[in-house]
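In what follows, a single structure is set out as structure tokens and then discussed.
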Amino acid sequence: MQGVERKHATMSEKKMTSSRRHVLKSLILTIAARWLDEEKAADIAAKEAYMAEHCIKPSMSGDQATLMETCKKLHALLDKLDEERYDLASKVGKADKEIEDLNIKVVDLRGVKKPALRKVRMSADAMLKALLGSKHSVNMDLRANLKQVKKEVKEEPQEAAGDWRKNVEDKADRKKMFEAT
């Protein structure tokens with residue numbers, strides 16, 4: 001018994017090959033096509049049976065009075081069928097409206113899911129234009145509103161070329177300052 005279970009377990013673990021999958025898929029499709037054909041034939045047979053039961057076969061033999069009587073019967077039958085069609089159409093319309101209302105209620109009960117927001121790069125001008133509309137032309141050029149300041153450059157007097165020793169002493173003082181820390 002355990003050997004059978006072991007064999008079954010190994011077979012279920014194997015994957016189906018693509019050719020086997022293709023064969024099974026084609027078999028399923030042929031069976032479905034056959035079922036559709038049978039269903040169409042059954043529908044045609046049902047229509048013919050309904051028509052034979054509910055529709056009068058007109059007889060064209062006879063005089064004008066019998067033909068007029070047959071036409072009146074056909075018109076009465078057509079009126080009756082038209083009333084039934086109208087009643088069924090109104091029932092279907094009412095059911096469709098009810099289904100639509102129920103779908104709306106379902107959506108309301110579920111709540112509206114907010115979509116995931118994406119990051120959008122937008123300049124300040126474009127953002128203001130989107131918020132205020134195209135009528136308002138607001139310029140967010142922040143640099144235009146800044147005060148102009150003249151930069152003062154301090155000119156240090158250039159010392160003579162012979163004073164290089166002073167420069168070396170200043171650098172030595174700086175070096176001592178960094179070494180002390």
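No lab work stands behind these numbers, since they all come straight from the coordinates. What you are looking at is a predicted structure, and each value in this text was computed from that prediction instead of being measured.
Structural remarks
- Some residue of region 80-90 being more than 22 Å from Tyr50 (Cα to Cα) and aliphatic (A, V, I, L, M): no
- Those residues of region 48-91 which are basic (Lys, Arg) and in a helix (DSSP H, G or I), in sequence order: Lys72, Lys73, Lys80, Arg85, Lys91
- Looking across region 98-125, the residues that are part of a helix (DSSP H, G or I) and more than 24 Å from the chain's Cα centre (by Cα) come down to Glu98, Ala124, Asp125.
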